Every structure is written in C-alpha cells, then in structure tokens.
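First comes the structure, then the notes that go with it.
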Amino acid sequence: MFKNRLFLIFLLLLPLISHAELTVEVVGGAAQQIPIAIVPFSAQTQAEPAQQDNLSNVIGADLRLSGLFRVLETRGVTNHPHLLSEVKYSDWLGIQTQALTIGTVESLPGNRLKISFRLIDVLKQNQLLAMEFNISASQQRATAHRIADMIYEKLIGEKGVFATRITYVNKENGRYSLQVADADGFNPQTVVSSKEPLISPSWSPDGTKLAYVSFEKKKPVVFVQSLVSGQRIVLANFKGNNSAPCWSPDGTKLAIVLTYSANSQIFVINADGTGLKQISFSNGIDTEPEWSPDGSTIYFTSNRGGGPQIYRMPAIGGEAKRVTFEGAYNVSPHLSPDGKLLTFIKQGPNGFKVAVQDLTSGQVQTLSDTTEDESPSFAPNGRMILYATSIGGRGTLAAASVDGRVKQRLRDTGGDVREPAWGSWLN
Amino acid sequence: MKKSLLMSLLLATTLVACSNNAVKEKPAAPVVDNSKSTQVTQPAAPAIKEEAAATPAPAQPEIAVNPLKDPNNILSKRSIYFDFDKDEVKAEFRPLVEAHAKYLTANPNAKVILQGNADNRGSREYNLSLGQRRSVAVKKAVNVLGVQDKQIETISYGEEKAKSCKDETCYQQDRRVDIVYENE
C-alpha cells in the first residue's frame, strides 16, 4: 500500500520533471557570419499559424547557435515567397542576405505533414538545395533540426550537429534526473530519476546507451542503461566508490574508476560487467578516464605530481605522460572527435574555466568568461563545446565555439543543471 | 462529493509520502537514535570518565551521558576540515582524531563511517576521489592509534553534499570528513 502511494507521488511529480526546458541565449558573436534569411514556411492548409512558424524559428535558432550565421529579420520584406517562382531577388539583395530559405508545410491525412524546403544562393540566383519530407506531425521539430543540418553542411562544408542529442543531470525539487534532450535543449526526456545524486553520464558510441553514476545505493555505483528499452544493468558495484565511466570507441568496454585499493585508480571492464582489469597504478588520485577516438590511448586526471593534471597512457596500461603544464589545477579531459584537441577545466586566477589545448603544438586557450565551469565535451563535429556553469548560484548549460568567439547559454526554466555530455551522430 | 473525497485522499497520501521522505533524508534524526544510543552507552562507560576528566568542563551529574552526544566532550565534535585540494589531516585536528581513536579502541564493537566531502569547485569526479582520500587519511590516522580496519568504513560524497558557496569561509565548511557512528 505504502509503495503504491510513493509510486503515485512519483507519477504526480513526473510532469514537473520532464517539462523543465532549456532555451538558447547568444552572448557573443563571430567576426564572420553568413547572412541568411529564413522565410516563415507557408501553410497550404489550415494548420495552426504558431506551428508553421515553428519550423523557421527552430531552423533560425539552430543556425544562430552555431555562431557561424547571422539570421536576418524578414518582416521588413513585404513579399514572402514560398515557391522558387515567387522569389524576387532584388528584395533579398536589399537586406544584404547571401542565402535564402523558403518552404511549404502541407497537412496530409493521418496527422502527417509534407514539408518541402529550398536553399537559394541570392547572389548567384540559383537553388542550392531542395528537399521534401513526409513526416508525422510530432516530428516537426526534429525535421527542422535536419533542415538546419542540411543548410549548415551546404554552406559551411561540414556536418551539422543540430539533430544530435545531449544528456545532463537536472536537480529540481530535491530530485536528480538524468535527461536526454535535443542539442538545443528542447524535448527533454527523463532517463532515470532519484533523490540521491546522479553524475558522470557517458554516451555509448552508437548513442543507444548511457553509462552513469548513481548514489541510490548510498554510494557511487556505475549503471548502464539502454535508451531504447529503458532496461539497465549494474556495471560496477565493487567495494568503495565506482565512478567516472567512459566507453571505448568500439563500444565493447568501459574505463571506470574504483577505490578498491582505497585510492581512485582506473580500470577497464567489458560492457557486460565482466573482465575487470586495473590499468593505472599510482599513489595519487587517477580519475576521469577518456578514451582517444582511435582507442589506443586513455587520457585521465591525476594528482600524482601534486595538484591535478591531465596525463595519458596506453589503453592497455603502461607508462603515463603528463599532458597539461599550464596552471596548478587541470581536470575533466575530453577529446575532439579527430583526437587533435583536448578540452578540460583549468583553474586560473579568476576561477574554473573551459580551456582547449592543441595536442600537437601544446598551445592552450581559455574559452569561457564564467568562473565555475564544469564537464566540457565536444560536439560530434568538433566545432563547439558544451559545458556546465553556474549563474546566480544555479547550474546551467552553456556552449562555446572551439575558437572561443561565440558563447551561448542554454537557459533553463527552474532546475539546477549539471554534468552535460554531447552525444554522437546517430547511425 | 466523490471528487472532493478523492482530492482529500490524494492530499493525504501526498502528506504521508512527503513527511516520510523528509525523515529518510535526515540520517541523524535524533528521535530515531535515542533508544539505540543508550545501548551503545553501556560499554562506553570507561571512556566517558577519562574524557570527562580530560575536559575542563564544569562537573556534570554522574549519569550515563553518551560521550558521543555530550556537547562538553570532544567526541561530540565530528568534523575534520581540510585545505583546498589537500587530504592531510592538519595538526589542529589531532586531539579530535586521538579522542575518537581512543573511544574506538576502548569500544571494539563500535563502528564508524568516515564520510569525505569536497567544496563544489572543479570536477565532480575529482572531488569524489578527493573526498575519498580525505576519509582514508582520517582512517589511516586512527589506524595508527590502534583502531581496527573492521571498525571503519570510508565513503565519499565528493561535492554532492556541498552548499552553493561563494566565498572561502563557506567553501571551508564543505571540505571535511564527518565521523558518523553506526546506528546514529
């Protein structure tokens, strides 16, 4: 009976948890941005105006988020084209746009939509892209992200990340919930929730599973949960702390941290929880293992030399080499998808900030201007870094371009957000 | 009529569940502890007198006060504080560590959990490891004084129990190991 009551309360709380959304705020700008005009898509039927607007708004917000586009105001242009034949190029040259997006939305039977869009080069007066989608109405936002990715890829020359997902922990009303959301912070889904802390979510390379640390057993234990079935297994519940999971690039193993010998050391374990093997042996703290994209090397945080610094060693274990040398406190290493850049948290005279180190030249650049930054991770195209920071005493998500020129805050609506990780491209 | 009944039922269940949660979240709720702590008191008696003699507090009436709860007894002090990114037990906490070591050796059935914590700056994972090292540092300090391994459990909350601090005075409070006796 009592259990049922608790379950009822849990159900009552669910909507509160899953409705906490994040919105994007741009707080900086790149020197060179492509000016683009996105005309609100026409409705060929009586679809709600707010809904049609959504497409162009979402596409615009995505492109703005990348920091590489200047999204122009189109309200000043009286004639809004929806078909190629309706485009009056002089109108668009007049507001100095280089690219123009137009499109239509048509309602189909069975709550489906036909969305078509075109990308036009205004200077050359030719069509760069044309695409049609037949989708269920609930996929409208996802389709807008796909369109933004196509525009991004066509004009920038590399894959976009707007249709990818992020994960983070949201603390609200004394409960912790691990959530997965679209890259822009919308459409959050709760993966697991607990009144004890949840930390360190790590995406499996195929994006179908999350490994994370839960304190629900009154101590840190590593779980692996399928995002498809919702089923989860205890990956590591050994004596002491079990934490800091990181998947190997082939998805067969995870590096984890155990305090088996009283001191945090790095171990490798198969994804089904078998075959535990210790790979780091030091008298200091060794934690936050991060696999290199080629699987050969593990980067990690260690205080073996005094304060915490980032080191690397062969993934099968072996001699460790120090990687960071600037400053007395460098933690939370994450590698770019090409393995050439390292992002981490660096303590400087003005607090804890996101830094990027070029692993070839050793050059370090501090990206953020906030003071309590945590857990940076690269977007799958390596262009941006997602991290957690604290504004007004509450955790929030932020993203910065790798060159540090563009920074934006993903503003939440009430929760205390931490521990973000950017997922990979699906399929 | 039926609706209002349902509503009040819902409200009632909410209250029940909430109040129960509140109890669960406070591990050291004094009401729960009283019955058990009197049991602990008996074997602890010899230690009390020693400690009471050592403290320059005004003479207390000779009743079986639990030394662990007696505010005049150093054993009631349970927190050892650390410097930023450090796990050394500072000299000023030696008397506290020694008093608990003495109590634990005198009461071989008593058990403690050493809970390590860190302030909320830097990495959560590094802080989890740092909290662990702090609790192990306290364990080693009492081990040296004769306390057996089986009496001690070390755990770390990292920065998960830290307050949202803005200044050093506040951060300082979070960098600590709490000594929690079993059944407390």
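The values are calculated or read from the model by the stated rules, or taken from the named source; none is laboratory data. Every value quoted in this text rests on a predicted model; they were computed, and no experiment measured them. Here the Cβ is made from the backbone with ideal geometry for all residues, glycine too, and neighbour counts use every protein chain on show.
Considering (1) more than 18 Å from B:Glu125 (Cα to Cα); (2) within 14 Å of chain B (Cβ to nearest Cβ), the lone condition that A:Leu258 does not fulfil carries the number (1). In the stretch A:236-255, the qualifying residues are those that are of a type in the set (A, V, I, L, M) and either within 24 Å of the chain's Cα centre (by Cα) or facing chain B (nearest Cβ under 10 Å) (or both), and the one that is farthest from B:Val138 (Cα to Cα) is A:Leu254. I'm trying to understand the selection: among the residues of the stretch A:327-344, which are within 14 Å of chain B (Cβ to nearest Cβ), of a type outside the set (Ser, Thr, Tyr) and within 17 Å of the chain's Cα centre (by Cα)? Within the stretch A:327-344, A:Pro333, A:His334, A:Phe344 qualify.
Picking from residues in the stretch A:312-326 that are in a loop (DSSP other than H, G, I, E, B) and among the aliphatic types (A, V, I, L, M), the one that is farthest from the other protein chains (Cβ to nearest Cβ) is A:Ile316.
Counting only strands (runs of 3 or more DSSP E) wholly contained in the stretch B:72-184, the ones carrying 1 or more residues that are among the polar types (S, T, N, Q) and under 20 Å from A:Pro197 (Cα atoms) occupy B:112-117, B:152-158. Every listed requirement among (1) within 12 Å of chain A (Cβ to nearest Cβ); (2) free of Cβ contacts under 8 Å to residues at least 40 places away in the same chain is met by B:Ile113 save one, (2). Taken over the stretch A:388-427, the residue count meeting the criterion of being under 22 Å from A:Asn173 (Cα atoms), of a type outside the set (A, V, I, L, M) and at pLDDT below 85 is 6. Of all residues in the stretch A:270-277, none are surrounded by fewer than 17 Cβ atoms within 10 Å (Cβ to Cβ), within 14 Å of chain B (Cβ to nearest Cβ) and in a loop (DSSP other than H, G, I, E, B).
State yes or no: is A:Tyr260 touching a strand residue (DSSP E or B) at 6+ places or on another chain (Cβ under 7 Å) and among the hydroxyl-bearing types (Ser, Thr, Tyr)? Considered against the rule, which asks whether it is touching a strand residue (DSSP E or B) at 6+ places or on another chain (Cβ under 7 Å) and among the hydroxyl-bearing types (Ser, Thr, Tyr), A:Tyr260 comes out as no. The residue pairs whose first member lies in the stretch A:362-374 and is within 14 Å of chain B (Cβ to nearest Cβ) and crowded, with 16+ Cβ neighbours inside 10 Å, whose second member is assigned to a loop (DSSP other than H, G, I, E, B) and not β-branched (Val, Ile, Thr), and whose beta carbons are closer than 8 Å, counting only pairs six or more residues apart or on different chains, are A:Glu372/B:Asn120; A:Glu372/B:Arg121; A:Glu374/B:Gly122; A:Glu374/B:Ser123.
For the stretch A:242-262, filtered to residues that are of a type in the set (S, T, N, Q) and modelled with pLDDT of 95 or more, the residue that is surrounded by the fewest Cβ atoms within 10 Å (Cβ to Cβ) is A:Thr252.
Yes or no: A:Thr343 assigned to a loop (DSSP other than H, G, I, E, B) and surrounded by 19 or more Cβ atoms within 10 Å (Cβ to Cβ)? So A:Thr343 fails the test. Scanning the stretch A:327-340 for residues that are more than 30 Å from A:Gly160 (Cβ to Cβ) and assigned to a loop (DSSP other than H, G, I, E, B) returns A:Gly327, A:Ala328, A:Tyr329. The residue that is farthest from the chain's Cα centre (by Cα), counting only those in the stretch A:295-308 that are within 11 Å of another protein chain (Cβ to nearest Cβ) and surrounded by 19 or more Cβ atoms within 10 Å (Cβ to Cβ), is A:Asn303. Do we have any residue at all in the stretch A:238-245 that's of a type in the set (Gly, Ala, Ser) and in a loop (DSSP other than H, G, I, E, B)? The answer is yes, given that some residue of the stretch A:238-245 is of a type in the set (Gly, Ala, Ser) and in a loop (DSSP other than H, G, I, E, B).
Here the condition is being among the small types (Gly, Ala, Ser) and either at pLDDT 60 or above or in a strand (DSSP E or B) (or both); of A:Ala20, A:Ala31, A:Ala61, it holds for A:Ala61 alone.
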